[in-house]
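The structure appears below as C-alpha coordinates.
The values are calculated or read from the model by the stated rules, or taken from the named source; none is laboratory data. All figures in this text were calculated on a predicted structure; none of them were measured in a lab. Cβ: placed from backbone, ideal geometry, glycine included. Neighbour counts: every protein chain shown. What goes into the accessible areas is simple: the full protein's heavy atoms, side chains included, and nothing from ligands, DNA or RNA. Shrake-Rupley method; radii C 1.70, N 1.55, O 1.52, S 1.80 Å.
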Amino acid sequence: MMKNKFNFFLLFASALVALVLGAAIGSSEIPVGNLMSVMANKLFEVPLPEDISPVAVSILWSIRLPRAVMAFLVGAALAASGTVMQSVLRNPLASSYTLGVSSGASLFAAIIIVTGFSLPLVGQYTLPLFGFLGGLATVFLAMALTLKFDRNLENQTVILVGMVLSLFVNALLTMVTALSSDRLSRLVFWQMGSFSGQTWTNCGLVLSILLVGLLVLMCYSREMDLMTFGEEQALSAGVDLRKVKFILIAAASLLTGTAVSLAGVIGFVDLIAPHVVRKIFGSNHRLVVPMSALFGGTFMTLADMVSRTLLAPQDLPVGAVTALIGAPFFAYIYFRRRR
(Lines give C-alpha, C1' and ligand atoms only; values in the text may rest on other atoms or scores of the structure.)
Protein backbone atom coordinates (compact mmCIF):
# COMPACT_ATOMS: atom_id res chain seq x y z
CA MET A 1 0.00 0.00 0.00
CA MET A 2 2.80 2.42 0.91
CA LYS A 3 4.59 1.51 -2.30
CA ASN A 4 1.49 2.37 -4.36
CA LYS A 5 1.19 5.72 -2.58
CA PHE A 6 4.81 6.54 -3.35
CA ASN A 7 4.34 5.49 -7.00
CA PHE A 8 1.21 7.63 -7.23
CA PHE A 9 2.96 10.74 -5.95
CA LEU A 10 5.90 10.06 -8.25
CA LEU A 11 3.58 9.71 -11.26
CA PHE A 12 1.58 12.79 -10.23
CA ALA A 13 4.77 14.83 -9.89
CA SER A 14 5.92 13.58 -13.29
CA ALA A 15 2.63 14.74 -14.81
CA LEU A 16 3.05 18.24 -13.34
CA VAL A 17 6.66 18.42 -14.57
CA ALA A 18 5.58 17.28 -18.05
CA LEU A 19 2.88 19.98 -18.22
CA VAL A 20 5.31 22.67 -17.09
CA LEU A 21 7.97 21.56 -19.58
CA GLY A 22 5.39 21.29 -22.33
CA ALA A 23 4.38 24.92 -21.81
CA ALA A 24 7.84 26.37 -21.14
CA ILE A 25 9.94 24.62 -23.82
CA GLY A 26 9.56 25.57 -27.45
CA SER A 27 11.11 27.46 -30.33
CA SER A 28 11.39 30.43 -27.96
CA GLU A 29 12.50 29.54 -24.44
CA ILE A 30 10.38 31.03 -21.63
CA PRO A 31 11.48 30.72 -17.98
CA VAL A 32 9.34 28.55 -15.74
CA GLY A 33 8.97 31.47 -13.33
CA ASN A 34 7.29 33.51 -16.08
CA LEU A 35 4.90 30.63 -16.70
CA MET A 36 3.87 30.59 -13.05
CA SER A 37 3.42 34.37 -13.06
CA VAL A 38 1.19 34.26 -16.14
CA MET A 39 -0.96 31.48 -14.65
CA ALA A 40 -1.30 33.39 -11.37
CA ASN A 41 -2.31 36.49 -13.31
CA LYS A 42 -4.92 34.73 -15.45
CA LEU A 43 -6.39 32.56 -12.69
CA PHE A 44 -6.12 34.79 -9.63
CA GLU A 45 -5.53 38.27 -11.11
CA VAL A 46 -2.09 38.57 -9.52
CA PRO A 47 -0.21 41.52 -11.10
CA LEU A 48 2.37 40.54 -13.72
CA PRO A 49 6.08 41.41 -13.27
CA GLU A 50 7.19 44.24 -15.55
CA ASP A 51 9.81 42.13 -17.34
CA ILE A 52 7.18 39.79 -18.88
CA SER A 53 6.17 41.07 -22.31
CA PRO A 54 2.61 40.84 -23.69
CA VAL A 55 3.96 38.60 -26.45
CA ALA A 56 5.23 36.08 -23.89
CA VAL A 57 1.88 36.17 -22.10
CA SER A 58 0.05 35.50 -25.36
CA ILE A 59 2.39 32.63 -26.32
CA LEU A 60 2.02 30.95 -22.94
CA TRP A 61 -1.69 31.43 -22.28
CA SER A 62 -3.15 31.22 -25.78
CA ILE A 63 -0.85 28.74 -27.52
CA ARG A 64 1.39 26.58 -25.36
CA LEU A 65 -0.72 25.98 -22.25
CA PRO A 66 -3.89 24.94 -24.16
CA ARG A 67 -1.74 22.69 -26.34
CA ALA A 68 -0.01 21.02 -23.38
CA VAL A 69 -3.28 20.58 -21.49
CA MET A 70 -5.03 19.15 -24.56
CA ALA A 71 -2.16 16.71 -25.12
CA PHE A 72 -2.47 15.56 -21.51
CA LEU A 73 -6.27 15.14 -21.70
CA VAL A 74 -6.15 13.26 -25.02
CA GLY A 75 -3.41 10.97 -23.73
CA ALA A 76 -5.43 10.30 -20.58
CA ALA A 77 -8.57 9.48 -22.58
CA LEU A 78 -6.74 7.11 -24.94
CA ALA A 79 -4.91 5.34 -22.10
CA ALA A 80 -8.07 4.80 -20.05
CA SER A 81 -9.85 3.50 -23.14
CA GLY A 82 -7.02 1.08 -23.91
CA THR A 83 -7.06 -0.23 -20.33
CA VAL A 84 -10.74 -1.09 -20.61
CA MET A 85 -10.43 -2.75 -24.01
CA GLN A 86 -7.55 -4.96 -22.89
CA SER A 87 -9.50 -6.03 -19.80
CA VAL A 88 -12.86 -6.56 -21.47
CA LEU A 89 -11.49 -8.41 -24.50
CA ARG A 90 -8.75 -10.17 -22.47
CA ASN A 91 -6.20 -9.33 -25.14
CA PRO A 92 -3.00 -7.37 -24.34
CA LEU A 93 -2.96 -5.98 -27.89
CA ALA A 94 -6.59 -4.81 -27.91
CA SER A 95 -7.65 -1.16 -28.10
CA SER A 96 -10.57 0.94 -29.29
CA TYR A 97 -8.73 1.16 -32.61
CA THR A 98 -9.24 -2.61 -32.89
CA LEU A 99 -12.99 -1.98 -33.19
CA GLY A 100 -12.56 0.71 -35.83
CA VAL A 101 -12.95 3.94 -33.84
CA SER A 102 -10.01 5.62 -35.55
CA SER A 103 -11.05 4.30 -38.97
CA GLY A 104 -14.61 5.58 -38.66
CA ALA A 105 -13.50 8.94 -37.28
CA SER A 106 -10.90 9.32 -40.03
CA LEU A 107 -13.39 8.49 -42.78
CA PHE A 108 -16.00 10.99 -41.59
CA ALA A 109 -13.35 13.65 -41.02
CA ALA A 110 -11.88 13.06 -44.48
CA ILE A 111 -15.30 13.56 -46.05
CA ILE A 112 -15.71 16.87 -44.20
CA ILE A 113 -12.21 18.02 -45.22
CA VAL A 114 -12.75 17.10 -48.87
CA THR A 115 -16.24 18.56 -49.21
CA GLY A 116 -15.67 21.61 -47.01
CA PHE A 117 -19.07 21.02 -45.40
CA SER A 118 -19.87 23.07 -42.29
CA LEU A 119 -22.94 23.02 -40.06
CA PRO A 120 -24.39 26.53 -39.49
CA LEU A 121 -24.62 26.35 -35.68
CA VAL A 122 -21.44 24.30 -35.16
CA GLY A 123 -18.99 26.07 -37.47
CA GLN A 124 -15.37 25.14 -36.72
CA TYR A 125 -16.48 22.14 -34.63
CA THR A 126 -18.06 20.42 -37.64
CA LEU A 127 -14.89 18.38 -38.28
CA PRO A 128 -14.42 17.08 -34.71
CA LEU A 129 -18.17 16.48 -34.36
CA PHE A 130 -18.36 14.31 -37.47
CA GLY A 131 -15.11 12.57 -36.56
CA PHE A 132 -16.58 11.71 -33.17
CA LEU A 133 -19.86 10.50 -34.69
CA GLY A 134 -17.98 8.41 -37.25
CA GLY A 135 -15.96 6.66 -34.55
CA LEU A 136 -19.02 5.86 -32.46
CA ALA A 137 -21.05 4.74 -35.48
CA THR A 138 -18.33 2.28 -36.48
CA VAL A 139 -18.17 0.78 -32.99
CA PHE A 140 -21.94 0.41 -32.65
CA LEU A 141 -22.06 -1.17 -36.10
CA ALA A 142 -19.35 -3.61 -35.02
CA MET A 143 -21.32 -4.47 -31.88
CA ALA A 144 -24.54 -4.92 -33.85
CA LEU A 145 -22.84 -7.23 -36.35
CA THR A 146 -21.28 -9.20 -33.51
CA LEU A 147 -24.70 -9.75 -31.96
CA LYS A 148 -25.89 -11.24 -35.27
CA PHE A 149 -23.21 -13.93 -35.05
CA ASP A 150 -22.83 -14.31 -31.29
CA ARG A 151 -25.55 -13.31 -28.81
CA ASN A 152 -23.08 -13.60 -25.92
CA LEU A 153 -20.56 -11.15 -27.42
CA GLU A 154 -17.63 -13.55 -27.14
CA ASN A 155 -14.30 -11.71 -27.09
CA GLN A 156 -12.83 -13.35 -30.19
CA THR A 157 -15.97 -12.60 -32.20
CA VAL A 158 -15.92 -8.93 -31.16
CA ILE A 159 -12.25 -8.58 -32.13
CA LEU A 160 -12.67 -10.38 -35.46
CA VAL A 161 -15.73 -8.35 -36.52
CA GLY A 162 -14.07 -5.12 -35.40
CA MET A 163 -10.92 -5.84 -37.41
CA VAL A 164 -12.84 -6.79 -40.55
CA LEU A 165 -15.01 -3.67 -40.30
CA SER A 166 -11.94 -1.53 -39.66
CA LEU A 167 -10.26 -2.86 -42.80
CA PHE A 168 -13.39 -2.13 -44.83
CA VAL A 169 -13.64 1.45 -43.52
CA ASN A 170 -9.91 1.97 -44.15
CA ALA A 171 -10.46 0.91 -47.76
CA LEU A 172 -13.16 3.57 -48.13
CA LEU A 173 -10.81 6.12 -46.56
CA THR A 174 -8.07 5.20 -49.05
CA MET A 175 -10.50 5.78 -51.92
CA VAL A 176 -11.50 9.21 -50.57
CA THR A 177 -7.84 10.17 -50.10
CA ALA A 178 -6.86 8.97 -53.61
CA LEU A 179 -9.65 11.03 -55.18
CA SER A 180 -8.67 14.20 -53.31
CA SER A 181 -5.04 14.84 -54.21
CA ASP A 182 -5.44 18.62 -53.73
CA ARG A 183 -6.16 18.08 -50.02
CA LEU A 184 -3.84 15.12 -49.56
CA SER A 185 -1.37 16.88 -47.24
CA ARG A 186 -4.08 18.01 -44.83
CA LEU A 187 -5.68 14.56 -44.78
CA VAL A 188 -2.37 12.81 -44.07
CA PHE A 189 -1.36 15.31 -41.38
CA TRP A 190 -4.74 14.96 -39.62
CA GLN A 191 -4.48 11.18 -39.68
CA MET A 192 -1.04 11.38 -38.02
CA GLY A 193 -2.34 13.59 -35.17
CA SER A 194 -1.50 17.10 -34.02
CA PHE A 195 -2.27 19.44 -31.13
CA SER A 196 -1.54 22.70 -32.91
CA GLY A 197 -4.21 25.39 -32.72
CA GLN A 198 -5.98 23.98 -29.66
CA THR A 199 -8.09 26.29 -27.49
CA TRP A 200 -9.29 26.38 -23.91
CA THR A 201 -12.80 25.64 -25.22
CA ASN A 202 -11.57 22.38 -26.73
CA CYS A 203 -9.79 21.54 -23.47
CA GLY A 204 -12.99 22.09 -21.50
CA LEU A 205 -14.94 19.85 -23.88
CA VAL A 206 -12.45 16.97 -23.63
CA LEU A 207 -12.11 17.39 -19.85
CA SER A 208 -15.87 17.10 -19.29
CA ILE A 209 -16.15 13.96 -21.43
CA LEU A 210 -13.02 12.48 -19.81
CA LEU A 211 -14.44 12.94 -16.31
CA VAL A 212 -17.78 11.39 -17.28
CA GLY A 213 -16.05 8.47 -19.00
CA LEU A 214 -13.72 7.81 -16.06
CA LEU A 215 -16.66 7.93 -13.65
CA VAL A 216 -18.52 5.29 -15.67
CA LEU A 217 -15.44 3.10 -15.90
CA MET A 218 -14.72 3.36 -12.18
CA CYS A 219 -18.27 2.23 -11.41
CA TYR A 220 -17.50 -1.02 -13.23
CA SER A 221 -14.00 -1.61 -11.84
CA ARG A 222 -15.13 -4.72 -9.92
CA GLU A 223 -16.69 -6.24 -13.05
CA MET A 224 -13.48 -5.60 -14.98
CA ASP A 225 -11.47 -7.31 -12.25
CA LEU A 226 -13.69 -10.37 -12.54
CA MET A 227 -13.67 -10.39 -16.34
CA THR A 228 -9.86 -10.53 -16.46
CA PHE A 229 -10.06 -13.99 -14.85
CA GLY A 230 -12.33 -15.28 -17.60
CA GLU A 231 -15.93 -15.06 -18.70
CA GLU A 232 -17.02 -18.19 -16.83
CA GLN A 233 -15.73 -16.82 -13.52
CA ALA A 234 -17.43 -13.49 -14.19
CA LEU A 235 -20.74 -15.21 -15.00
CA SER A 236 -20.54 -17.33 -11.85
CA ALA A 237 -20.02 -14.12 -9.84
CA GLY A 238 -23.24 -12.66 -11.24
CA VAL A 239 -21.82 -10.34 -13.92
CA ASP A 240 -24.19 -9.62 -16.82
CA LEU A 241 -21.48 -9.95 -19.45
CA ARG A 242 -23.50 -8.73 -22.40
CA LYS A 243 -24.69 -5.57 -20.65
CA VAL A 244 -21.36 -4.79 -18.98
CA LYS A 245 -19.36 -5.34 -22.18
CA PHE A 246 -21.66 -3.04 -24.12
CA ILE A 247 -21.43 -0.26 -21.52
CA LEU A 248 -17.66 -0.52 -21.13
CA ILE A 249 -16.94 -0.67 -24.86
CA ALA A 250 -19.29 2.26 -25.47
CA ALA A 251 -17.60 4.33 -22.74
CA ALA A 252 -14.13 3.49 -24.04
CA SER A 253 -15.20 4.35 -27.58
CA LEU A 254 -16.62 7.67 -26.38
CA LEU A 255 -13.22 8.57 -24.90
CA THR A 256 -11.31 7.49 -28.00
CA GLY A 257 -13.79 9.07 -30.41
CA THR A 258 -13.56 12.41 -28.61
CA ALA A 259 -9.75 12.31 -28.61
CA VAL A 260 -9.51 11.33 -32.28
CA SER A 261 -12.08 13.90 -33.39
CA LEU A 262 -10.12 16.82 -31.88
CA ALA A 263 -6.50 15.70 -32.24
CA GLY A 264 -6.46 13.22 -35.12
CA VAL A 265 -5.34 9.60 -35.07
CA ILE A 266 -2.63 8.96 -32.46
CA GLY A 267 -1.76 5.35 -31.87
CA PHE A 268 0.08 3.21 -29.33
CA VAL A 269 -0.62 5.35 -26.22
CA ASP A 270 -3.60 3.15 -25.38
CA LEU A 271 -1.36 0.10 -25.79
CA ILE A 272 1.66 1.26 -23.78
CA ALA A 273 0.05 2.91 -20.75
CA PRO A 274 -2.00 -0.04 -19.38
CA HIS A 275 0.97 -2.42 -19.54
CA VAL A 276 3.33 -0.04 -17.75
CA VAL A 277 0.77 0.83 -15.08
CA ARG A 278 -0.10 -2.82 -14.37
CA LYS A 279 3.59 -3.52 -13.83
CA ILE A 280 3.75 -0.71 -11.25
CA PHE A 281 0.34 -0.78 -9.52
CA GLY A 282 -0.93 -4.32 -10.03
CA SER A 283 -4.17 -5.45 -11.67
CA ASN A 284 -6.85 -3.76 -9.50
CA HIS A 285 -8.84 -1.62 -11.95
CA ARG A 286 -9.79 0.87 -9.26
CA LEU A 287 -6.12 1.88 -9.46
CA VAL A 288 -5.23 0.83 -13.00
CA VAL A 289 -7.84 2.97 -14.80
CA PRO A 290 -7.01 6.37 -13.20
CA MET A 291 -3.27 5.67 -13.10
CA SER A 292 -3.30 4.69 -16.78
CA ALA A 293 -5.01 7.98 -17.55
CA LEU A 294 -2.35 9.86 -15.56
CA PHE A 295 0.50 7.97 -17.23
CA GLY A 296 -1.02 8.35 -20.70
CA GLY A 297 -1.46 12.08 -20.22
CA THR A 298 2.16 12.45 -19.10
CA PHE A 299 3.46 10.35 -21.98
CA MET A 300 1.42 12.29 -24.56
CA THR A 301 2.50 15.68 -23.21
CA LEU A 302 6.17 14.70 -23.48
CA ALA A 303 5.63 13.22 -26.96
CA ASP A 304 4.01 16.45 -28.13
CA MET A 305 6.91 18.47 -26.69
CA VAL A 306 9.32 16.33 -28.71
CA SER A 307 7.19 16.65 -31.85
CA ARG A 308 7.38 20.45 -31.86
CA THR A 309 10.97 20.92 -30.67
CA LEU A 310 12.88 18.17 -32.50
CA LEU A 311 12.79 20.01 -35.86
CA ALA A 312 11.65 23.42 -34.61
CA PRO A 313 10.10 25.60 -35.89
CA GLN A 314 8.51 22.79 -37.94
CA ASP A 315 6.01 20.53 -36.16
CA LEU A 316 6.20 16.78 -36.55
CA PRO A 317 2.93 14.82 -36.34
CA VAL A 318 2.73 13.60 -32.76
CA GLY A 319 1.44 10.27 -34.03
CA ALA A 320 4.81 9.69 -35.67
CA VAL A 321 6.59 10.22 -32.34
CA THR A 322 4.31 7.84 -30.44
CA ALA A 323 4.68 5.26 -33.22
CA LEU A 324 8.48 5.37 -33.00
CA ILE A 325 8.15 4.37 -29.34
CA GLY A 326 5.02 2.25 -29.56
CA ALA A 327 5.89 0.01 -32.53
CA PRO A 328 8.87 -1.67 -30.80
CA PHE A 329 6.79 -1.95 -27.64
CA PHE A 330 3.97 -3.60 -29.62
CA ALA A 331 6.45 -6.11 -31.09
CA TYR A 332 7.87 -6.83 -27.62
CA ILE A 333 4.42 -7.55 -26.17
CA TYR A 334 3.44 -9.75 -29.12
CA PHE A 335 6.56 -11.92 -29.19
CA ARG A 336 6.76 -12.20 -25.40
CA ARG A 337 3.16 -13.44 -25.40
CA ARG A 338 3.98 -16.03 -28.06
CA ARG A 339 6.89 -17.33 -26.00
Query - Normalised alpha carbon radius of gyration of the range 22-72 [divisor 2.2 N^0.38 Å] - result: 1.05
Query raised in the report: When each pair of different Cα atoms in the range 264-339 is counted once in the 1/r mean, what is the Kirkwood radius in angstroms, to one decimal?
Result: 13.4
Report task. Please express the Cα-Cα pair-distance distribution P(r) of the range 90-148 as a list of whole percents, one per 5 Å bin, running from 0 to the bin with the greatest distance. Result -> 4, 20, 22, 19, 15, 10, 6, 3, 1
Query - Over the chain: helical MRE at 222 nm, DSSP H runs n ≥ 4 each giving -39500 (n - 2.57), nearest 500 - result: -25000 deg cm²/dmol
Query raised in the report: What's the Kirkwood radius of the range 165-207 in Å, using all Cα pairs?
Result: 12.4
Query raised in the report: What stretch of the chain, leaving out the sites themselves, is the longest with no GluC sites (Glu not before Pro) in a DSSP loop having at most 10 other Cβ atoms within 10 Å?
Result: 51-339
Requested in this report: State which helices in the chain qualify, where a helix is a whole DSSP H run, it must extend 27 Å or more along its own axis by its Cα atoms, and its mean Kyte-Doolittle hydropathy must be at least -1.0.
Outcome: 2-24, 65-89, 126-149, 155-178, 200-219, 241-263, 285-309, 318-338
Query raised in the report: In what sequence, highest mean first, do 159-170, 72-83 appear when ranked by Cβ atoms within 10 angstrom?
Result: 72-83, 159-170
Report task. Inverting the mean 1/r over all pairs of different Cα atoms, compute the Kirkwood radius of the range 91-220 and quote it in Å. Result -> 16.3
**Report entry** Radius of gyration and Dmax over the Cα atoms of the range 175-240, both given in Å
**Finding:** 20.6, 57
Query raised in the report: For TRP61, what accessible area in Å² do you get when you roll a 1.4 Å probe over the heavy atoms of the protein chains, rounding to the nearest 10?
Result: 50
